[in-house]
């Protein structure tokens with residue numbers, strides 16, 4: 001009896017109400033943290049090192065492109081400012097002696113005006129970290145303003161492509177029949193159109209109609225959108241065709257849900273992992289396409305700073321050999337942005353996939 005009393009004294013004293021609360025699980029909820037689906041996706045995403053590297057790189061590029069020009073003395077409301085002190089012209093005089101029709105000796109002077117070699121050298125100083133171009137504009141400021149335009153074009157185009165592709169691809173995959181045939185024939189026709197010749201024709205038309213300035217960028221984004229949504233539409237259609245026969249869709253149909261809720265509440269969330277990867281990789285492809293068009297002189301209007309237009313200086317052997325500060329920095333920015341978008345896309349795909357346990 002004495003031993004039993006000693007054992008009873010060693011046990012923790014709990015009241016009947018506390019035991020009842022433990023049995024009902026009220027105290028256990030305070031100890032166990034229940035994660036929502038969104039928090040689980042964020043946890044899996046931030047656990048990936050490559051995803052974090054890509055996300056940090058994108059943040060740096062966006063801060064550099066959109067906030068950096070606000071602190072540059074060579075930018076004014078999104079426009080580059082010329083450094084007149086570095087843009088003085090060089091005037092050379094050459095004396096030419098010749099005989100006129102009456103065999104009299106006549107002297108003349110040949111005057112040549114050309115930009116200062118100080119600009120062409122692009123010397124890097126504390127005022128101009130990457131030097132200046134042949135017009136006296138700061139290359140570092142042009143790099144920031146060029147990133148603002150290139151990234152804006154990429155995001156606007158990919159968002160428009162996703163909206164058109166998701167809507168038309170979802171309708172084609174869900175309804176099938178003549179709706180599917182009509183949308184897929186439009187997709188087939190647009191897929192057969194070569195993009196580069198269309199861009200060449202568009203550039204010639206815009207030049208012929210004297211459409212310059214920011215309007216030229218609008219037409220560029222419209223054409224890129226019209227030619228790029230077909231890939232997303234094919235992806236969404238294929239996924240919905242395989243998902244609409246699953247058991248959860250049969251349950252949704254039996255419960256009497258509307259077509260809108262069945263497509264946008266049940267089908268599209270299951271397509272999100274593949275759609276996000278396609279959008280991120282497409283975003284890098286759009287930036288690369290814009291850079292290619294800028295290199296060919298078909299993109300932004302003349303004088304507009306973009307990464308592609310800055311790289312176009314490498315087409316001249318003088319800049320390619322002697323002035324790497326003209327074309328290496330924008331090339332690095334394009335490479336970093338494409339790699340960062342791919343890393344973030346892979347991380348989001350793994351985070352949205354419930355089968356990934358990493």
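What helices (runs of 4 or more DSSP H) completely inside the range 1-72 contain at least 1 residues that are modelled with pLDDT under 85 and not assigned by TED's automatic domain parsing to the domain that holds residue 154?
Filter on the range 1-72 gives 2-10, 16-23, 28-31, 37-47.
Filter the range 73-89 down to the residues that are assigned to a strand (DSSP E or B) and more than 10 Å from residue 138 (Cα to Cα), then identify the one that is modelled with the highest pLDDT.
76
Looking at this structure, is residue 202 assigned to a helix (DSSP H, G or I) and within 21 Å of residue 306 (Cα to Cα)?
Yes, satisfied.
Determine, yes or no, whether residue 182 is part of a helix (DSSP H, G or I), in contact (Cβ under 8 Å) with a residue 60 or more places away in the chain and either out of contact with any helix residue (DSSP H, G or I) (no Cβ under 9 Å at 6 or more places or on another chain) or assigned by TED's automatic domain parsing to the domain that holds residue 221 (or both).
Criteria not met by residue 182.
Which is touching a residue at least 24 places away in the same chain (Cβ under 8 Å), in the same structural domain as residue 163 (by TED's automatic domain parsing), closer than 26 Å to residue 352 by Cα and surrounded by 13 or more Cβ atoms within 10 Å (Cβ to Cβ), of 246, 239?
Among 246, 239, only 239 is touching a residue at least 24 places away in the same chain (Cβ under 8 Å), in the same structural domain as residue 163 (by TED's automatic domain parsing), closer than 26 Å to residue 352 by Cα and surrounded by 13 or more Cβ atoms within 10 Å (Cβ to Cβ).
Of the numbered conditions (1) more than 21 Å from residue 229 (Cβ to Cβ); (2) buried (at least 20 other Cβ atoms within 10 Å of the Cβ), residue 135 satisfies every one except a single condition; which is it?
(2)
The values are calculated or read from the model by the stated rules, or taken from the named source; none is laboratory data. Predicted, not measured: the structure shown is a model, and the values here were computed from it. Heads up, the Cβs are rebuilt from the backbone with ideal geometry, glycines too, and the neighbour counts pull from every protein chain shown.
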